[in-house]
Structure formats: C-alpha cells, structure tokens
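The values are calculated or read from the model by the stated rules, or taken from the named source; none is laboratory data. On a predicted model such as this, the values are computed, not experimentally measured, just so you know. Neighbour counts are summed over all protein chains in view; Cβ atoms, including those assigned to glycine, are modelled from backbone coordinates with ideal geometry. For accessibility, only protein heavy atoms count, side chains too; no ligands or nucleic acids. Shrake-Rupley method; radii C 1.70, N 1.55, O 1.52, S 1.80 Å.
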Amino acid sequence: MTAFLVIFESGLSLGAMYAAASIALSLVWGSIGMLNMALGAMLAIGGYASFALVEYLPVPWWLGFLASLGVGFIAGAVLYYVTVKWMYRVPTFDTSIVIATVGVAIVIENLLVKIFTAYAKKQPFLVDDGILMGSVTMRYQSLINLGIALVIMLILSWYLNRTRAGTAILAVAQDRDAAQLMGVPVERIFLLVMVIAGVIAAASGVLLTAVIPMSPYVGHEPLLKAFIICVIAGLGNLPAAFVASFVLGWFESAVSYGAGARYGFPAMLVLVIIVLLWKPYGVFGRRRVTRV
Amino acid sequence: MKLFPGMSNYVWAKYRTPAEKQLMNTPVEELAKKGLSRRDILKGAAVGGAGAIVASSATLAELNEGKAEGDPIPVGSALPFTGWGAHDAIEFRNGIEMAVDEINALGGVLGRPIEMHWEDTKNQSADEVVTAFNRLIDSKEVHAIINGYNIGPNNAEYEPVADAGILYLHHNTLLHHHDTVMSDPERYYSCFQTDPAEYWYGLGYIQFLSWLRDTGQWKPRNNRIALVSGSTPYSIVIVNAMNESAAEYGWEVAYGPEIVKTPTTEWGPTLAKVRAADPSAFANTHFPSQEIAQCQNQFMQDPIDSLTYYQFGAISAVFTDIAQENALGTTVATVIGQLQDEIGTTFENKYRELYGENSTPLVGCETYVSMYHWAMAAALAGGSGEPGDYDQNRKVAYRLQKLIYRSVVGSVNMHPEWQAGIPYPDYTNDPSLGQPHLFFQIQEVSPVRALVAPEPYNTGHFMIPSWFKDNGGLPQIGA
C-alpha cells in the first residue's frame with residue numbers, strides 16, 4: 001500500500017508539472033502548427049515575473065501570480081511580432097519557426113541571467129505543507145498545481161469549443177487557407193493564439209517554479225517532457241495532453257520506485273517509442289490529410 | 001601511511017639554474033651575512049632545505065619592492081557564469097577580484113599588476129570549457145588560468161593548457177586529475193588541482209560519522225546508512241568511496257548506492273526507499289545546491305531520525321535560501337573551505353563587507369587562495385611566462401609544487417606526484433601539512449555554517465538536528 005501511495009503522490013506531482021507545461025505547447029502546436037521552442041523561456045518569464053513583483057515591490061503572492069499572467073500576455077505578443085508575423089506565410093514555416101524560437105529562447109534566458117543572475121531563487125507562490133495519507137504526505141502544492149492546470153485546461157477547452165474566437169482558432173487549425181477564404185482574419189488569430197499561450201505559459205511557469213527551484217533555464221526539462229507528452233497524446237488535443245501528463249508522471253514514478261531513480265526517464269522514452277510504433281499520430285491523434 | 005609515497009623530484013631538478021642549486025645548499029643565515037635582500041633570501045628559501053617553505057600572503061609583500069606599475073600580466077578565469085553552477089561562479093569571481101585587488105596593492109607580481117580576463121563556461125561541457133580556454137590563451141595570451149570548477153570536460157581543457165605551457169590552478173576536485181597528471185608529468189607540469197580530489201569526501205564522511213558516534217556527540221539508533229548519488233562521475237566516485245569504507249568503520253549500507261539522474265527535482269520514490277531502509281544517517285552526493293535543497297524539503301515532509309549529509313552543495317547560501325528551516329541540522333562538507341580562525345574570519349569579514357551578507361566566502365575563498373598561491377610562486381620564480389614560455393612557467397610550477405602556503409583554508413600543500421592538495425586528516429595526520437576536510441552543520445537559516453570538524457580547527461559543536469524525535473539527551477537545534 002505504501003508503495004502505491006508513494007508512486008501515486010510522486011506521479012501526481014510530476015504529472016501536474018508536466019500538464020502545466022504541455023497545455024501551452026499543445027495549444028500552439030495544434031492550432032497554428034508551430035513548435036514553440038521558446039516555451040521554456042516563457043515559463044521562466046512567468047516564474048521570474050511573479051518572483052520579482054512579490055520580492056521587490058512587494059505585493060501579495062496572489063497578486064504576483066495574477067500580474068505574471070499580464071507579463072505572459074505581453075511576452076506572447078512580443079514573440080508573435082518578433083517571429084510569427086514575419087514567418088507564417090513562408091512555405092518552410094514549420095522548420096523556420098523552430099530555429100527562430102530557439103534564438104528567442106537564448107536571448108530571453110540571457111536577459112534573465114543579466115537581470116536576476118543564474119543564482120537559483122525560491123518562488124513565493126509556494127505552499128510547503130501537505131496532508132498525511134497513510135505513511136505518505138500528499139503535498140498541497142501538487143494538489144494546487146493539479147487544480148490550476150485542470151482549470152486552465154477546462155477554460156481553454158470551453159473557449160475553443162464554445163466561443164466565436166475559439167471556433168476561428170479551430171478553423172485555422174483545420175485549414176488555414178480555407179479559413180482565410182471564409183473571412184477569418186488569420187493574422188489576428190495567430191496573435192490571439194500566441195497571447196493565450198503566453199498567459200498559460202506564465203501561469204505554468206509560476207506553478208513549475210513552486211516545485212523546481214527557479215533559474216533562467218528552469219524550462220528546459222519541462223519543455224522536453226511537454227514535447228514528449230504532446231507527441232504521445234496527439235497534436236492539439238488538450239484533454240489528451242492533460243491525461244497523458246499524469247499517465248507518464250505515474251509511469252516514471254513507478255519505474256523510479258521499482259527499478260531505481262535513474263531508470264525513470266529512459267523508461268519513459270522507451271514507452272514513447274513503443275506508443276509511436278503502435279500509433280504514429282499519438283494515442284488520441286488523427287492522421288492529417290492534405291488535399292491538393 | 002607514508003605522506004609522499006614514491007616522492008621524486010626528477011621532473012623538477014633539471015629546471016634549477018646553477019645559482020638556484022647553489023642557493024639550495026646555502027643556509028639562509030649565510031645569505032643574510034652576504035648582504036642579500038629579504039627577497040633574495042625568500043627566493044633562496046623556496047628552493048632550499050627540504051625543498052619547501054611555508055609561506056603566507058605577507059610573503060608576496062616581502063618579494064615586491066615597489067608599486068605595481070609595470071606592464072600588466074594577463075590572467076584568465078573560465079567560470080560557469082550562466083549555467084547550473086552560476087551561484088558558485090559568482091563567488092569564485094569575487095574571490096579572484098578580492099585577491100587581485102590586494103595583490104596589486106602589494107605591488108603585483110614583482111611590480112607588474114595582474115589584469116583579469118573572464119570567460120563563461122555555461123554548463124561546463126567539454127566544448128564550452130575548451131572553447132573558453134582557447135579564447136583566453138589565444139586571444140588574451142594569459143600567463144595563468146585560475147579557476148573554480150568545471151566538472152564536465154573531464155580534463156579536456158588540460159590539452160590547450162599543456163600546449164601553451166601556462167599555469168592552470170583549479171578546484172575541479174577530481175581523482176581523474178591524478179590520473180591525467182601522473183600519466184605524463186612532463187606534459188602536464190603546469191596543471192594543479194588546488195584542493196584534494198573528490199574521493200576524500202567519501203572516506204572522510206565515514207570517518208566523520210564514526211567520530212561523532214565514538215565521541216558521544218551523536219547516538220545512532222542503529223549502524224545503518226543510506227547512500228544516494230547524482231549520475232555524474234564526480235558524485236559516483238564519492239558515493240563509491242563511502243560504500244567501500246563503511247564496513248571498516250562498523251557501518252552497514254542499508255540502501256544504495258542509489259544513482260539518480262542529473263538533474264533531478266522529484267525525490268519522492270528515492271526518499272521512500274531511504275525511509276523504508278530506516279538508516280541512522282543518509283548521505284546524498286548529488287551536487288547542484290538547488291536540487292539537494294529540494295531533496296531536503298521533501299525529506300522534511302515526513303522526516304525520520306536520520307542525520308542528513310549533502311556533499312558540498314549545501315555550503316552555498318542558495319541551499320538555505322530554498323530549504324529555509326528544513327535545513328536546520330543538515331551536515332555538509334568541503335575539502336577546501338575558509339577556516340574560522342583569525343586568518344579565516346578576517347577574510348570572511350572583509351569578503352562579506354565587499355560582496356554582501358548573503359555572499360558565501362566559504363566558496364569565494366577557493367579562488368582567493370589559488371590566485372595568491374600562483375602570484376607568490378610567480379614572484380619567487382622571478383616572474384610569470386606568457387603562452388609558449390615553457391622554461392619560465394616550469395619555474396613557476398616548480399615553486400607552486402614546493403610552496404606550502406598557510407592560507408585562509410589552512411595549509412595548501414601540493415602532493416609531488418598528484419599535483420593536488422593533500423587532505424587532513426584523511427591522508428596526513430599533520431594539520432600543518434594538509435588542507436583540512438571541513439565538516440559543517442547548518443544551525444541557523446543564514447549563509448553561516450557551524451564548523452564542527454575536524455579538530456583542531458572546529459569552532460562549533462555538533463547538535464542533534466531539529467527534526468529528531470529522540471535526541472538521546474543531547475543538545476538539539478531549536479530545543
């Protein structure tokens with residue numbers, strides 16, 4: 001029973017962390033076909049924005065969290081105007097944007113080093129305690145992260161499926177040219193997606209840095225894990241990405257507990273290979289058909 | 001144990017000039033009678049008698065006869081300013097800057113001021129470090145590179161250093177340094193590790209636990225210990241040394257050595273296994289301060305009466321910044337750290353005055369000492385050499401080898417074959433001939449660490465950690 005509780009608690013903590021990162025990546029990748037390699041840096045921006053506001057102004061932690069969403073909004077818009085606006089019509093957009101966002105990430109991370117140094121910081125948005133379940137302590141922070149990630153996923157799903165703007169995003173995701181012919185302002189939709197992704201990334205950054213000590217490079221590992229989760233879940237499927245985050249979190253924890261901590265991540269990669277051999281478009285993904 | 005097994009001067013003897021050889025055989029008193037200056041005598045002493053002198057920072061002032069007004073000597077440092085070791089890199093830079101300011105105020109190196117050049121080694125990979133070294137050597141033409149640590153390249157940076165023949169003093173703290181230097185002493189004559197290798201952390205930890213037990217400062221409820229390590233060779237060498245020496249001192253390794261991947265942020269499964277093993281002591285040799293602070297935080301969610309130890313990383317202020325009260329009682333060690341005696345506290349006070357109360361002089365002292373050590377050796381050798389000036393730099397290396405430097409970290413004494421610091425009490429029982437392997441305990445939420453071992457340098461007393469339910473009637477933190 002103890003082993004089960006340990007794996008459940010640890011997997012929940014990891015899953016909440018992965019879910020927070022994968023939602024923003026999944027949205028942008030699925031809707032505008034952009035693999036945003038600057039996501040890790042945008043996570044860091046969110047974390048540092050909350051930290052700086054609480055530490056230097058100072059404001060309460062909840063206000064710092066909300067203000068970081070505003071910073072994420074701006075970061076998303078800036079990323080759009082620096083990269084996407086000039087590149088989305090280019091035939092090689094899929095690959096060019098990867099290189100461009102890697103460049104942006106390097107710039108952002110170096111700016112954060114200049115401003116805050118690379119000295120690790122503690123996120124003020126942090127609850128240390130937990131609740132005892134049998135012989136295992138369930139961390140409140142994991143539950144908070146789970147709750148906020150779930151709320152973000154639900155709001156985003158509602159927005160995409162129940163609003164005109166969301167429908168327009170889905171239309172662009174299905175067929176950009178057809179959507180434009182139907183009068184959808186594609187350029188504005190791209191901006192909208194980037195801004196939403198920026199806000200989600202900022203919120204995710206605060207959640208992540210409550211679990212991982214904050215540094216300018218804090219987003220590197222979550223970006224890698226989010227990438228894996230999006231591939232397994234299928235592009236653009238937000239609920240699937242959310243569920244996959246926890247499944248992989250529990251899987252990694254189970255392997256770490258059973259076989260040893262160093263085998264958790266390699267085992268996760270083996271699982272990804274097996275899944276992709278079985279379902280090349282992800283467990284919940286569908287084949288994309290390009291009509292000529 | 002023999003202090004210098006197989007000691008040999010064959011590498012050095014041929015670099016002595018006839019005048020030096022004469023000085024070696026001339027008593028200091030006779031030199032004084034001949035009207036030689038103190039500088040001449042000090043230079044003579046450096047090569048005289050048993051081949052070593054004990055020096056302090058004041059030695060440099062004695063060697064200089066004027067202000068530092070000559071051509072600057074370019075010296076480099078390649079540190080991980082923007083990678084995971086950035087918090088230590090900042091302290092290493094502070095230590096160097098402080099030493100350079102003092103040395104230049106003392107007249108530099110024989111009248112030539114030191115001019116620093118910096119490079120960033122980011123995450124300390126082989127290409128990042130070697131590129132930084134090449135820039136310092138080719139572009140800045142540095143005479144020496146004074147470094148903190150770059151753990152990633154596994155001595156790849158020795159090659160450009162050996163090609164140029166410049167001096168290289170570092171604190172990589174790797175046993176691999178011994179192997180590289182001893183594999184070709186002629187080629188690597190200028191590479192020095194100014195502290196003992198990481199191996200000594202392992203043996204030293206077991207001896208420390210045993211000392212606490214045997215002196216009654218701690219009453220372990222059983223003889224079980226748990227060992228966890230990061231996945232870098234550095235951490236694994238240490239944990240293996242612990243594992244190999246535990247039984248000899250009466251300890252049973254009940255869990256581990258368990259290797260976790262680097263980086264690691266989720267310690268839940270590993271800590272569950274540690275708790276299940278019910279050890280009296282738990283050692284984690286994973287390195288990054290922020291990640292082991294996270295480990296301690298997660299340990300404290302469901303603590304057991306187990307003494308926690310984090311090798312080196314918990315020295316840094318960032319550990320207590322993140323772990324806060326959870327850190328109280330944790331032990332940590334370093335094979336090089338500033339003492340809390342008169343020399344050490346004078347340094348510490350000045351360092352904190354210059355770099356703030358939250359700075360970590362325990363880390364900054366490393367490069368501070370190395371910079372002085374090199375400057376004194378260069379002054380004793382008659383000056384430093386640029387890249388390609390092999391003869392002059394061999395003289396500097398020779399002085400470094402022979403100079404026992406009583407510094408803020410104790411006695412820095414280079415082993416003649418390893419070209420690395422000799423540790424006390426792990427290797428030599430004489431504190432005047434080795435760098436003390438210092439053990440600290442975190443007893444307050446601040447950058448200050450209580451120095452609890454080894455004798456005679458300890459100024460604090462070990463206390464039972466705050467989370468112990470049974471303190472055995474011994475003094476407990478927070479009780």
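Inside the range B:126-155, can you point out the residues that are over 20 Å from the mean Cα position of the chain (by Cα) and open to solvent by 20 Å² or more (accessible area, probe 1.4 Å)?
Within the range B:126-155, B:A126, B:D127, B:E128, B:V130, B:T131, B:N134, B:R135, B:D138, B:S139, B:K140, B:E141 meet the criteria.
Here are some residues: A:G64, A:G40, A:G76, A:G11. Which one is at pLDDT 95 or above and crowded, with 22+ Cβ neighbours inside 10 Å?
A:G76
Among the numbered criteria (1) touching a residue at least 60 places away in the same chain (Cβ under 8 Å); (2) within 14 Å of another protein chain (Cβ to nearest Cβ), which one does A:E221 miss?
Result: A:E221 fails condition (1) only.
Here's the yes/no breakdown for (1) open to solvent by less than 10 Å² (accessible area, probe 1.4 Å); (2) in contact with a His (Cβ under 9 Å, 6 or more places away or on another chain); (3) not assigned by TED's automatic domain parsing to the domain that holds B:F319:
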| site | (1), (2), (3) |
| --- | --- |
| B:Y351 | yes, no, yes |
| B:L354 | no, no, yes |
| B:C365 | yes, no, yes |
| B:A378 | yes, yes, yes |
| B:G385 | yes, yes, yes |
| B:Y390 | no, no, yes |
| B:K395 | no, no, yes |
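So which residues in the range B:438-455 are buried (at least 20 other Cβ atoms within 10 Å of the Cβ) and farther than 21 Å from B:E366 by Cβ?
B:Q443 - this is the single residue of the range B:438-455 that is buried (at least 20 other Cβ atoms within 10 Å of the Cβ) and farther than 21 Å from B:E366 by Cβ.
Can you give me the number of residues within the range A:88-124 that are within 14 Å of another protein chain (Cβ to nearest Cβ) and not aliphatic (A, V, I, L, M)?
The total comes to 10.
Take B:I206 and decide whether it is within 30 Å of B:L167 (Cβ to Cβ), buried (at least 23 other Cβ atoms within 10 Å of the Cβ) and touching a helix residue (DSSP H, G or I) at 6+ places or on another chain (Cβ under 6 Å).
On the way: within 30 Å of B:L167 (Cβ to Cβ): no; buried (at least 23 other Cβ atoms within 10 Å of the Cβ): yes; touching a helix residue (DSSP H, G or I) at 6+ places or on another chain (Cβ under 6 Å): yes.
No; evaluated as a whole, the condition is false for this residue.
Give the residues of the range B:234-268 that are open to solvent by less than 20 Å² (accessible area, probe 1.4 Å), in contact with a strand residue (DSSP E or B) (Cβ under 7 Å, 6 or more places away or on another chain) and of a type in the set (G, A, S), sorted by residue number.
If the condition is that a residue be open to solvent by less than 20 Å² (accessible area, probe 1.4 Å), in contact with a strand residue (DSSP E or B) (Cβ under 7 Å, 6 or more places away or on another chain) and of a type in the set (G, A, S), then B:S235, B:A246 are the ones that fit.
Could you grab me the full set of residues in the range A:211-227 that are open to solvent by 10 Å² or more (accessible area, probe 1.4 Å) and out of contact with any strand residue (DSSP E or B) (no Cβ under 9 Å at 6 or more places or on another chain)?
Step one: filter the range A:211-227 for residues open to solvent by 10 Å² or more (accessible area, probe 1.4 Å), giving A:211-213, A:215, A:217-218, A:220-221, A:223-224, A:227.
Across the range A:211-227, the qualifying residues are A:I212, A:Y217, A:V218, A:H220, A:E221, A:L223, A:L224, A:F227.
What number of residues within the range A:153-172 satisfy the criterion of being open to solvent by 30 Å² or more (accessible area, probe 1.4 Å) and touching a residue at least 40 places away in the same chain (Cβ under 8 Å)?
Total meeting the criteria: 1.
Only one of A:T117, A:T137 is out of contact with any Gly (no Cβ under 7 Å at 6 or more places or on another chain) and among the hydroxyl-bearing types (S, T, Y). Can you tell me which?
A:T117 is the lone residue from the list that is out of contact with any Gly (no Cβ under 7 Å at 6 or more places or on another chain) and among the hydroxyl-bearing types (S, T, Y).
For A:I23, state whether it is at pLDDT 90 or above, part of a helix (DSSP H, G or I) and β-branched (V, I, T).
no
Got at least one residue in the range B:25-45 being surrounded by 19 or more Cβ atoms within 10 Å (Cβ to Cβ), at pLDDT 55 or above and not hydroxyl-bearing (S, T, Y)?
no
Quick check on my filter: what residues within the range B:65-123 are within 14 Å of another protein chain (Cβ to nearest Cβ), open to solvent by less than 30 Å² (accessible area, probe 1.4 Å) and not in a strand (DSSP E or B)?
Matches in the range B:65-123: B:P80, B:T82, B:G83, B:G85, B:A86, B:H87, B:D88, B:A89, B:E91, B:F92, B:N94, B:T121.
Rundown of residues vs (1) touching a Phe, Trp or Tyr at 6+ places or on another chain (Cβ under 6 Å); (2) crowded, with 24+ Cβ neighbours inside 10 Å, yes/no style:
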position: B:T270; (1), (2): no, yes
position: B:D278; (1), (2): no, no
position: B:N284; (1), (2): yes, yes
position: B:N297; (1), (2): no, no
position: B:D305; (1), (2): yes, no
position: B:G344; (1), (2): no, no
position: B:Y368; (1), (2): no, yes
position: B:Y372; (1), (2): no, yes
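Quick one: would you say A:I32 is of a type outside the set (S, T, Y), crowded, with 19+ Cβ neighbours inside 10 Å and within 14 Å of another protein chain (Cβ to nearest Cβ)?
No, not satisfied.
Does the range B:316-337 hold any residues that are open to solvent by less than 10 Å² (accessible area, probe 1.4 Å) and within 14 Å of chain A (Cβ to nearest Cβ), and which are they?
Answer for the range B:316-337, where residues must be open to solvent by less than 10 Å² (accessible area, probe 1.4 Å) and within 14 Å of chain A (Cβ to nearest Cβ): B:S316, B:A317, B:V318, B:F319, B:T320, B:I322, B:A323, B:A327.
Name, by its number, the condition in (1) within 13 Å of chain B (Cβ to nearest Cβ); (2) surrounded by fewer than 19 Cβ atoms within 10 Å (Cβ to Cβ); (3) of a type in the set (D, E, K, R) that does not hold for A:D175.
With (1) within 13 Å of chain B (Cβ to nearest Cβ); (2) surrounded by fewer than 19 Cβ atoms within 10 Å (Cβ to Cβ); (3) of a type in the set (D, E, K, R) applied to A:D175, the lone miss is (1).
Would you point out the residue of the range B:254-272, among those that are closer than 15 Å to B:T308 by Cβ and out of contact with any Lys or Arg (no Cβ under 8 Å at 6 or more places or on another chain), that is nearest to the other protein chains (Cβ to nearest Cβ)?
Selected residue: B:T270.
Only one of B:E353, B:E444, B:E357 is without any contact (Cβ under 8 Å) to a residue 12 or more places away in the chain and out of contact with any Gly (no Cβ under 9 Å at 6 or more places or on another chain); which?
B:E353
Failed condition for B:N471, given (1) without any contact (Cβ under 8 Å) to a residue 60 or more places away in the chain; (2) under 21 Å from B:A197 (Cα atoms), with all others met?
Every listed condition holds for B:N471 apart from (2).
Is the range B:277-285 home to any residue that is aromatic (F, W, Y), more than 11 Å from chain A (Cβ to nearest Cβ), closer than 26 Å to A:V136 by Cα and touching a helix residue (DSSP H, G or I) at 6+ places or on another chain (Cβ under 6 Å)?
yes
Search the range A:254-267 for residues that are more than 8 Å from every other protein chain (Cβ to nearest Cβ) and pair each with any residue that is open to solvent by 40 Å² or more (accessible area, probe 1.4 Å) when their beta-carbon atoms are under 7 Å apart and the residues are at least 6 apart or on different chains.
Filtered contacts from the range A:254-267: A:V255/A:Y263.
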